[in-house]
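**Student:** Before we start, here is the structure in question, set down as structure tokens.
The values are calculated or read from the model by the stated rules, or taken from the named source; none is laboratory data. What you see is a predicted model, and the numbers here were worked out from it, not measured in a lab. Neighbour counts run over all protein chains shown; Cβ positions are idealised from the backbone, glycine included. Remember, those area values only see protein heavy atoms, side chains included, never the ligands or the DNA or RNA. Shrake-Rupley method; radii C 1.70, N 1.55, O 1.52, S 1.80 Å.
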Amino acid sequence: MVVEAGRDRPTVLILGGGFGGVGAARALKDAEVDIELVDQHDYHTFQPLLYQVATDLLETSAVGHPLRDLFHDQPNVAVKEDTVTGVDLDARTVSFAHMPDTSYDVLVLGLGARANFFGVEGAEKHAFPMYTLHDAVRLRARILERWEAADRDPSLVEDGALNVVVVGGGPTGVESAGALAELYRNEFDKDYPQLPQDQARIVLVEAGPVIFSMFKKNLQDYARKALKERGVEVKTGDSVASITPTRVTLASGEVLNAHTLIWGAGLQGSPVAGELGLELERGGRISVEPDLSIPGHPEAFAVGDVAWITDATTKRVLPQLGSVALQAGEWAGKNIARRVAGKDTEAFEYTDKGTMATIGRMAAVVQFHRGRTMKGAKASLAWGAVHLALLSTGEDRAKAMIDWTWAGFSHERAGRISVSADDEE
Ligand SMILES: Cc1cc2nc3c(=O)[nH]c(=O)nc-3n(C[C@H](O)[C@H](O)[C@H](O)COP(=O)(O)OP(=O)(O)OC[C@H]3O[C@@H](n4cnc5c(N)ncnc54)[C@H](O)[C@@H]3O)c2cc1C
């Protein structure tokens, strides 16, 4: 390993404090390296629960955790808050919005992805993506604001103020639509008794023939039925063609009156990946070697949503999931430790523990690695246990547990107030 002159031990620069970056840093806890972990935020985001913040079930602090706090017990990590603006793989330097250019001996690129609007007219401007904590808070504020506006002026109901179109029949879209329906049918019916609940539409639009295409047919059918029971209209085989602030036009020509559109339809890798001078795979992802290093740069690793990782056993490209990002981050960290110790790196082996998603209270689906499936209340409890275990600290787990338990018993969601940084005292 080449270590820059003047340094006692290698500097590992980790870009991104998501599942991938945090996993890599933690795996290097006992390694003889100095780690700098840089993220544009001072917190780690637990994306799988963002929709629960947007629908008032969880508070922001249960889903965003201070990054510095995660490394109190790891003196070889320094956390910095800054935005990465570029990476020069040949010069081994990274540029930032504020800090001076920084050189590294080893790089871990875990900058994640962002919404891909596929060029749909008006989407960039008017859609509400669901990828960051800011997105979730913005969506929550939008929904509350539209209900309050309709409460003041009921003529807005017909114009679509309460209607929400959710784009994408994958987990992000289905989970968002289901949670929103429960918020509407269990909370807003009591909060806004004067407003006509039956005219508040939630429409899920999926371009493919089915929702939850990654799951088996029995789970797809169950999810569709569970959504219908919650009052969600599911439209498959159609897509969104254009969006204005109050109208959504579908490819079939149908026009929906809707003041809010949630975008859960696709991702593209961090724009930083596009500037590396590499040929990228579909979705702007960096194709990596079996040991997760970037081709031609054994000292640079890419992990998580920004990486195109081929499973060594199945030869399939691994999906953009938290479990893949975390395991890949940890594996990259272990490979770096191996290299520092003068050993060879090893090819990444992903352990598939199954896939799960929730549709609403006591309604979830689980598909295990070997094909066994589970649905309904049992799956919902399994989902809760897995997500609680994944939350980064005991404190976050406690916060989520309290919020979920309370909502489960009472159907109440205490998070549904709007607070803006611009509010007057
Ligand atoms: C709504 C939603 C629901 C999901 N549900 C599930 C689920 O149930 N199960 C599951 O396994 N997976 C789920 N996922 C996927 C999972 O969350 C991602 O695969 C995982 O977060 C990817 O981890 P990552 O570390 O690659 O990226 P991220 O977690 O996105 O982390 C990237 C980090 O990089 C930072 N960053 C980005 N750009 C810059 C920059 N230029 N400068 C500095 N910092 C930057 C970001 O702030 C972020 O902290 C879900 C995702 C979403 C959006």
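**Student:** Say whether the condition of being open to solvent by 40 Å² or more (accessible area, probe 1.4 Å), in a loop (DSSP other than H, G, I, E, B) and either at pLDDT below 95 or touching a helix residue (DSSP H, G or I) at 6+ places or on another chain (Cβ under 9 Å) (or both) is met by at least one residue in the stretch 203-212.
**Tutor:** Yes, there is a match, as at least one residue in the stretch 203-212 is open to solvent by 40 Å² or more (accessible area, probe 1.4 Å), in a loop (DSSP other than H, G, I, E, B) and either at pLDDT below 95 or touching a helix residue (DSSP H, G or I) at 6+ places or on another chain (Cβ under 9 Å) (or both).
**Student:** Could you please find all residues in the stretch 13-40 being among the β-branched types (Val, Ile, Thr) and farther than 27 Å from residue 63 by Cα?
**Tutor:** Once the filter is applied, which keeps residues that are among the β-branched types (Val, Ile, Thr) and farther than 27 Å from residue 63 by Cα, the stretch 13-40 yields only 33.
**Student:** Please work out if residue 172 is within 13 Å of the ligand (Cβ to nearest atom), more than 30 Å from residue 354 (Cα to Cα) and in contact with a Leu (Cβ under 9 Å, 6 or more places away or on another chain).
**Tutor:** For residue 172, the condition - within 13 Å of the ligand (Cβ to nearest atom), more than 30 Å from residue 354 (Cα to Cα) and in contact with a Leu (Cβ under 9 Å, 6 or more places away or on another chain) - is not met.
**Student:** Need the failing condition index for residue 131 against (1) exposed (fewer than 15 other Cβ atoms within 10 Å of the Cβ); (2) outside any helix (DSSP H, G or I), just the number.
**Tutor:** Exception for residue 131: condition (1).
**Student:** Right, another one. Just to be sure, is residue 65 free of Cβ contacts under 8 Å to residues at least 24 places away in the same chain, within 26 Å of the chain's Cα centre (by Cα) and more than 8 Å from the ligand (Cβ to nearest atom)?
**Tutor:** So residue 65 fails the test.
**Student:** Tell me the residue from 16, 21 that is within 8 Å of the ligand (Cβ to nearest atom) and at positive phi, please.
**Tutor:** 16
**Student:** Name every residue in the stretch 331-358 that is away from the ligand (no atom under 16 Å from the Cβ) and either within 14 Å of residue 312 (Cα to Cα) or polar (S, T, N, Q) (or both), in order of residue number.
**Tutor:** Within the stretch 331-358, 335, 345, 346, 347, 349 meet the criteria.
**Student:** While we're here: Tell me, please, whether a residue that is charged (D, E, K, R), part of a strand (DSSP E or B) and within 15 Å of residue 300 (Cβ to Cβ) can be found in the stretch 22-44.
**Tutor:** Yes - at least one qualifying residue is present in the stretch 22-44.
**Student:** Among 314, 345, which is among the polar types (S, T, N, Q) and surrounded by fewer than 19 Cβ atoms within 10 Å (Cβ to Cβ)?
**Tutor:** 314
**Student:** Another question about this same structure. What are the pairs with Cβ atoms under 7 angstrom where one residue, in the stretch 152-176, is over 14 Å from residue 227 (Cα atoms) and the other, located anywhere, is assigned to a strand (DSSP E or B) and among the aromatic types (Phe, Trp, Tyr)? Sequence gap at least six, or different chains.
**Tutor:** Pairs found: 167/263.
**Student:** Can you confirm whether the stretch 318-325 contains a residue that is at pLDDT below 90 and more than 15 Å from the ligand (Cβ to nearest atom)?
**Tutor:** Looking for residues that are at pLDDT below 90 and more than 15 Å from the ligand (Cβ to nearest atom), one finds none in the stretch 318-325, hence no.
**Student:** Here's another thing I want to ask about it. Mind checking whether some residue in the stretch 69-91 is in a loop (DSSP other than H, G, I, E, B), closer than 30 Å to residue 240 by Cβ and more than 13 Å from the ligand (Cβ to nearest atom)?
**Tutor:** The answer is no; no qualifying residue exists.
**Student:** Would you check if residue 93 is in contact (Cβ under 8 Å) with a residue 24 or more places away in the chain, open to solvent by 30 Å² or more (accessible area, probe 1.4 Å), more than 21 Å from residue 193 (Cβ to Cβ) and among the β-branched types (Val, Ile, Thr)?
**Tutor:** Judged against the criteria, residue 93 is not a match.
**Student:** On to the next question. If you go through the stretch 33-40 one residue at a time, do you hit one that is modelled with pLDDT of 95 or more and surrounded by fewer than 16 Cβ atoms within 10 Å (Cβ to Cβ)?
**Tutor:** The answer is yes, given that some residue of the stretch 33-40 is modelled with pLDDT of 95 or more and surrounded by fewer than 16 Cβ atoms within 10 Å (Cβ to Cβ).
**Student:** Can you name the residue in the stretch 348-363 that is surrounded by fewer than 21 Cβ atoms within 10 Å (Cβ to Cβ) and of a type outside the set (Gly, Ala, Ser) and is also modelled with the lowest pLDDT among such residues?
**Tutor:** If we take residues in the stretch 348-363 being surrounded by fewer than 21 Cβ atoms within 10 Å (Cβ to Cβ) and of a type outside the set (Gly, Ala, Ser), then 353 is modelled with the lowest pLDDT.
**Student:** Right, here's the next one. Looking at 55, 45, which one is more than 9 Å from the ligand (Cβ to nearest atom) and crowded, with 17+ Cβ neighbours inside 10 Å?
**Tutor:** 55
**Student:** Out of the stretch 92-107, which residues are farther than 20 Å from residue 277 by Cα and more than 14 Å from the ligand (Cβ to nearest atom)?
**Tutor:** Once the filter is applied, which keeps residues that are farther than 20 Å from residue 277 by Cα and more than 14 Å from the ligand (Cβ to nearest atom), the stretch 92-107 yields only 100.
**Student:** Now for a separate question. Among the residues of the stretch 43-63, is any under 24 Å from residue 7 (Cβ atoms) and in contact with a strand residue (DSSP E or B) (Cβ under 6 Å, 6 or more places away or on another chain)?
**Tutor:** no
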